[in-house]
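> After the C-alpha cells below, expect a handful of questions from me.
The values are calculated or read from the model by the stated rules, or taken from the named source; none is laboratory data. Bear in mind that the values here come from a model prediction, so they are computed numbers and not experimental data. Here the Cβ positions follow ideal geometry from the backbone for every residue, glycine too, while neighbour counts run over all protein chains shown. Ligands, DNA and RNA are excluded from the accessible area calculation, which covers all protein heavy atoms including side chains. Shrake-Rupley method; radii C 1.70, N 1.55, O 1.52, S 1.80 Å.
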Amino acid sequence: MCGIVAYIGPKDATAFLLEGLQRLEYRGYDSAGVAVAAKNGLKVCKVKGRVADLAAAVPARFKGTTGIGHTRWATHGVPSDANAHPHTDVSERIAVVHNGIIENADQLRALLAADGVVFTSETDTEVLAHLVAAHSGEGVELEDAVRAALGQIVGTYGIAVLDARQPDRIVVARNGSPIVLGLGEKEMFVASDVAALVRYTRQVVHLEDGELATVRADGFRTFTEDARTVTRQPSTVDWEVASYDTAGYQHYLLKEIHEQPAAVERTLSGRLDERFATAHLGGLNLDARELREIRRVKILGCGSAYYAGEMGAQLIEELARIPAHSEPASEFRYRNPVIEADTLYVAVSQSGETYDTLAAVQEIKRKGGRVLGVVNTVGSAIARECDGGIYLHAGPEISVASTKAFTSTVIAFALLALHFGRIHDLSPADGRRIVAGLKALPDHIREILKQEEQIAELAAAYADNAGMMFIGRTRGYPVAREGAQKLKEISYVHAEAYPASELKHGPLALISPELPTVALVPDDELLDKNLTTLGEIKARSGRILAIAHRTPEAKLIDHCLVVPKSEPELDPLLLNIPLQLLAYYAALALGRDVDKPRNLAKSVTVE
Ligand code: F6R
C-alpha cells in the first residue's frame, strides 16, 4: 500500500525521491507526490496516477537537497491530485507524508476548522500538517512540534515531515507502519520499505513503534514520544540488489515463479539434520521440553498466507500428530478468541506488515499467548512482535500475487512439522523420508517449470471462460484454494475452490461445459475417490484439467499436467506450482496488469 521516501544530503533530492517511489510502485497506489525544501520555501508536486506521471509533472526548477515523497493508496477520499501526499499547512511551510490511518481525524478536523483552518483535501493526513504547524511557533524545533502533534493523534502512522524553515532536517515517526532509515556517506535516506533504499545503501535502522527520528545529512537521532533518546544500531540488508529487478523476465511474477527452486534451497539451507532425521530451527526460542507441552497449533495469516497455513496445519497434524488449524487472521482478531497456554500460535506473513495479522499477534500476546512468526521480511513489524520464528529467506517478493513466499512458507511448516514430529512419535525412518523428500523438492520444481510452454497453451485455452472450479481432497483442498485465489486475483476470472468430496452436496449444479474444473488428483490413498468425482463431472459434460501424478483414463479428463511425485505429505506443494503458471498465463492471455492487479496492494497495512 502507501509508500514513503525521503532524502537529505548534498545532492538534489528529487532524483532519489522519484526513483525511490518507482521502487515502491509494486506495493499498490493510485497517486504520488514529492515536496522539497527550496531556498524560497516549499515546492510541492503531486498527481493522481503513476510515478511516471509525477516525473513528467515535476517542473525543471524543482530543486532542493531535502525532500519527501509518497505513493498513496486511497483510504480517506478518492484518488485525486488534491488528496495525494505530501499535505501542507495553510502557510505551506510544513509538508507531511503519511502511511496509516488517523482514527480521530474527523474530530481534529472539526477543531482545526473552528480555528479557521481551511482544508484543501479530504484526507486524514492533512490534519497532521495543520497540527504540526500549530505547534511550531517561533524557535520551536521541528521534532518537538511533531511530538506534540502526534500526542493528539489516535491511529497508526509512518510519517516524514519537512519544515521549510528548518531544511537541515527531516523528522520521521513510526507507530504501526514501518519507517527505515538508510545511512549514506554524508547523506541519509528514509523509506517505508528497504526496496527503495538498497541501491543507495545496505546500512539501515528500523524504527520501533512509538519512536521518532531527526534525520540530518550527517546522521540521525532516535527518541521516544516523551523525548527520551534511544540508541539504535544499524543492521545490514542481506537481500541482493539484483533481486529487485525483473532480470529479463516479462514480469516479476514469472521471475518469482522461476526463483522457487533457489528460494526453497535457501529456506532449507542449514536446517536439515540427516543424522537425527530432523530439522534445526534456531529462531524458535523453544526447547524440546517446552515443545512437548504444546497440545495444539493455531496458524494465522491472510489470503495466500492463510492457505499456506492450511497446508502447514496438515503437515503438523500428519507428521507430529498435534491438532493444528489455520484461520484467517482478519477474522480471528475480531472474535475475542480464547487463548490457551498449551497452544502454539503461528503468524504467517510474507511482508511482515499485514495489519490484520499484526493485530492478531498483538491480541494473542496481550492475552499471554505465545506466538511464532513465519515471515519473509527480516525485521518487519510481525517478525519483531513475535516471540520467535522462522524466516523464509525467499528473497524480496515484488509481484502483488504471492508465489515463492507461499512455497517457502510451506517448506518452513514442513521443517517445523518435522522438528515437532521427531520430538513426538515420528520414526527416524519417516524423518529420513521427509528429509530426503525436502532435499529433492528444488529439482522437482525445476521439472515442473519445464512444462511452462504446455501450461501457457492450456491457460490461454481455459482463460476464455467466465469461471473455473478448483477441487481437491484433504491435502489437495488447500492447493485448490490457493490455485483459485491466484487465478482470480491476477486474471479476474471467477474461480471457486471446493473440497472434491463436497461437490455433490451443492456445487455440482454449476457444472457445465462453460465451467471447467481444475482437479487435483495425486496418486495417494484417495485416488479412487478422486477418479469417481472426475466421472461425476464428466457425466455433466464438465471439462476437466487434471493436475496429477499420472494421467487418468482419457474418458475422465480433457487435459492433464503430470507433476513429479514426492512424499505424500509434500505433494501439495508441488501440485500448486503448475497452478501458479496457469494463473500467470491466463492473466497474460487476457491482457491483465499481472504484477499490479486492480484494487490490490502488496502489503495490506490497513484494516
Ligand atoms: C495473494 C496474496 C495475498 C497475501 C496476503 C497476506 O497472492 O499475495 O493474499 O498473501 O495479503 O500478505 P502477507 O503474507 O504479506 O501477510
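> Among the residues of the stretch 284-297, are any within 16 Å of the ligand (Cβ to nearest atom), in contact with a Gly (Cβ under 7 Å, 6 or more places away or on another chain) and either touching a residue at least 12 places away in the same chain (Cβ under 8 Å) or under 16 Å from GLU397 (Cβ atoms) (or both)?
Within the stretch 284-297, none of the residues are within 16 Å of the ligand (Cβ to nearest atom), in contact with a Gly (Cβ under 7 Å, 6 or more places away or on another chain) and either touching a residue at least 12 places away in the same chain (Cβ under 8 Å) or under 16 Å from GLU397 (Cβ atoms) (or both).
> With respect to VAL194, determine if the residue is farther than 24 Å from GLY9 by Cβ and either touching a strand residue (DSSP E or B) at 6+ places or on another chain (Cβ under 6 Å) or not acidic (Asp, Glu) (or both).
Against the criterion (farther than 24 Å from GLY9 by Cβ and either touching a strand residue (DSSP E or B) at 6+ places or on another chain (Cβ under 6 Å) or not acidic (Asp, Glu) (or both)), VAL194 does not qualify.
> Could you please give the count of residues in the stretch 384-419 that are within 11 Å of the ligand (Cβ to nearest atom) and either β-branched (Val, Ile, Thr) or open to solvent by 10 Å² or more (accessible area, probe 1.4 Å) (or both)?
Selection size over the stretch 384-419: 4.
> Another question about this same structure. Residue by residue through the stretch 353-370, note down the ones that are touching a residue at least 24 places away in the same chain (Cβ under 8 Å) and either part of a helix (DSSP H, G or I) or buried (at least 24 other Cβ atoms within 10 Å of the Cβ) (or both).
Across the stretch 353-370, the qualifying residues are GLU353, THR354, TYR355, ASP356, THR357, LEU358, ALA359, ALA360, VAL361, GLU363, ILE364.
> Looking at this structure, is SER566 part of a loop (DSSP other than H, G, I, E, B), away from the ligand (no atom under 16 Å from the Cβ), in contact with a helix residue (DSSP H, G or I) (Cβ under 8 Å, 6 or more places away or on another chain) and polar (S, T, N, Q)?
Details: part of a loop (DSSP other than H, G, I, E, B): yes; away from the ligand (no atom under 16 Å from the Cβ): yes; in contact with a helix residue (DSSP H, G or I) (Cβ under 8 Å, 6 or more places away or on another chain): yes; polar (S, T, N, Q): yes.
Criteria met by SER566.
> Run down GLY151, GLY155 and say which single residue is at positive phi and surrounded by fewer than 20 Cβ atoms within 10 Å (Cβ to Cβ).
Just one listed residue meets the conditions, GLY155.
> State whether one or more residues within the stretch 33-43 are touching a helix residue (DSSP H, G or I) at 6+ places or on another chain (Cβ under 7 Å) and within 26 Å of VAL400 (Cβ to Cβ).
The answer is yes; a qualifying residue exists.
> Give me the pairs: first residue in the stretch 473-490 and at positive phi, second residue more than 8 Å from the ligand (Cβ to nearest atom) and outside any helix (DSSP H, G or I), beta-carbon distance under 7 Å, and six or more apart or on different chains, which are they?
Between residues of the stretch 473-490 that are at positive phi and residues that are more than 8 Å from the ligand (Cβ to nearest atom) and outside any helix (DSSP H, G or I), the close pairs are THR474/LEU526.
> Considering only the stretch 146-239, give the strands (runs of 3 or more DSSP E) lying wholly within it that have at least 3 residues that are basic (Lys, Arg).
none
> Of all strands (runs of 3 or more DSSP E) completely enclosed by the stretch 9-83, which ones contain at least 1 residues that are surrounded by fewer than 23 Cβ atoms within 10 Å (Cβ to Cβ) and at pLDDT 95 or above?
Strands (runs of 3 or more DSSP E) meeting the threshold: 41-48.
> For residues that are within 16 Å of the ligand (Cβ to nearest atom) and free of Cβ contacts under 8 Å to residues at least 24 places away in the same chain, tally how many sit in the stretch 569-607.
Total satisfying the criteria: 2.
> Please state which one of LEU268, LEU272, LEU344 is at pLDDT 95 or above, open to solvent by less than 20 Å² (accessible area, probe 1.4 Å), more than 16 Å from the ligand (Cβ to nearest atom) and more than 16 Å from HIS424 (Cβ to Cβ).
LEU268
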